[in-house]
Each structure stands twice: as structure tokens, then as C-alpha cells.
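Structure, as C-alpha cells:
The values are calculated or read from the model by the stated rules, or taken from the named source; none is laboratory data. All of these numbers come straight from a predicted model, not from anything done at the bench. Cβ coordinates were reconstructed from backbone atoms using ideal geometry, including for glycine residues, and neighbour counts include every protein chain displayed.
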Amino acid sequence: MTATLTRRAWLGLAALGAAVAAWRPWPARAQGHLANLAPEEPIAETMKRLFGNRTIKDGASLITIDMPLIAEDGASVPIAVEVKSPMTAESHVKAIYILAEKNLRPLNVKISLTPAAGQAYVGTNLRLADSGPVRVVAETGDGALWIASRDVRVAVAGCAA
């Protein structure tokens with residue numbers, strides 16, 4: 001017994017397919033807004049939350065920050081960070097943190113690395129609320145922290161208050 005699809009059956013299947021494609025699940029009502037995910041905090045509190053009371057050494061000779069001195073648009077400011085490290089199992093950069101002091105939430109980027117990365121390098125775009133220092137903290141595998149800073153002047157703010 002062979003069943004053939006009639007024109008009416010094809011139209012019914014097409015309508016069912018369109019209804020399934022148009023169906024969207026209800027969004028979770030408890031999500032809230034992205035702006036409410038983390039508290040606004042000053043840079044000092046962010047640094048304390050991330051690193052506790054650990055000593056942070058001057059890493060200007062180890063950390064290279066490549067970004068413009070004047071950012072025309074704070075919504076997209078390119079940055080490239082390189083940390084001089086052999087990236088061996090004994091001596092490697094475990095994480096790179098990029099913090100913008102004038103942002104309501106200063107932590108912009110945290111990159112975790114392993115020795116398999118080969119080099120401690122990251123390139124991205126930041127969103128900056130206002131002119132001020134951008135800090136880069138490198139955490140090594142042995143727990144040492146190194147910091148470098150670069151002042152950036154923002155012509156048009158990229159974050160809403």
C-alpha cells in the first residue's frame with residue numbers, strides 16, 4: 001500500500017513547518033537587564049576583589065600596551081597587550097586582566113592562558129566611558145602580579161552612565 005501526498009497534505013505540512021519556525025520560547029522573566037549583572041564599583045574595590053592583598057609589582061618593562069593615545073570613539077578602542085614570558089611549564093603567564101579606571105565596571109577583559117599558548121599576547125577592542133588610565137595586570141603561574149598602565153584620552157564616551 002503506497003500513500004501519495006496530495007496537494008492538500010503538502011499545504012498542511014508547509015503550514016505546520018511555518019508555525020514551528022515562527023515559534024519562539026518565552027524568555028526567562030528573572031534575567032533582568034545586563035546592566036544589573038554586577039555592581040558598579042571603583043577601581044580600588046575591583047583590584048581588591050580580583051587580587052586581594054597580594055603585592056602587585058611594576059611591570060612596565062615586561063608588559064607592552066599598544067593602543068592609541070587619543071580615542072576618537074570610546075565605543076571601540078583597539079588594544080594589544082604583550083607580556084614578555086618564555087611560556088614554559090615552569091614560567092608562564094596564567095592570566096591577563098585589562099581594567100579601565102573610568103568605567104563603571106572597571107574590569108574589561110580577563111584572558112586565561114596556558115603554556116601551550118606559546119606567547120602571552122591578546123588583541124581586542126575596549127569600550128571606554130571617559131579619559132583616564134587603562135591598566136593591564138599579568139598574573140604568572142607562580143602567582144606573581146605585574147602591572148602596567150597607559151593613559152588614553154577619549155573624545156566621545158563609549159559607555160552610558
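Remark: pairs (first residue in segment 53-76, farther than 14 Å from Thr140 by Cα and assigned to a loop (DSSP other than H, G, I, E, B); second residue of a type in the set (Ser, Thr, Tyr) and modelled with pLDDT under 95; Cβ separation under 9 Å; 6+ apart in sequence or on different chains) = Gly74/Ser131. For Ser85, state whether it is touching a residue at least 24 places away in the same chain (Cβ under 8 Å), among the hydroxyl-bearing types (Ser, Thr, Tyr) and surrounded by fewer than 17 Cβ atoms within 10 Å (Cβ to Cβ). So Ser85 does not fit the description; no.
Which one is modelled with the lowest pLDDT, of the residues in segment 21-72 that are among the small types (Gly, Ala, Ser) and surrounded by 10 or more Cβ atoms within 10 Å (Cβ to Cβ)?
Ala35
Here Tyr97 passes the criteria (1) more than 14 Å from the chain's Cα centre (by Cα); (2) part of a strand (DSSP E or B); (3) surrounded by 15 or more Cβ atoms within 10 Å (Cβ to Cβ) except the one numbered (1). Among the criteria (1) without any contact (Cβ under 8 Å) to a residue 40 or more places away in the chain; (2) assigned to a strand (DSSP E or B), the one Ala116 does not fulfil is (2).
Given the structure, is Ser85 at pLDDT 95 or above, touching a strand residue (DSSP E or B) at 6+ places or on another chain (Cβ under 8 Å) and not acidic (Asp, Glu)?
For Ser85, the condition - at pLDDT 95 or above, touching a strand residue (DSSP E or B) at 6+ places or on another chain (Cβ under 8 Å) and not acidic (Asp, Glu) - is not met.
Restricting segment 123-161 to residues that are surrounded by fewer than 17 Cβ atoms within 10 Å (Cβ to Cβ) and β-branched (Val, Ile, Thr) leaves a set whose member that is modelled with the highest pLDDT is Thr124.
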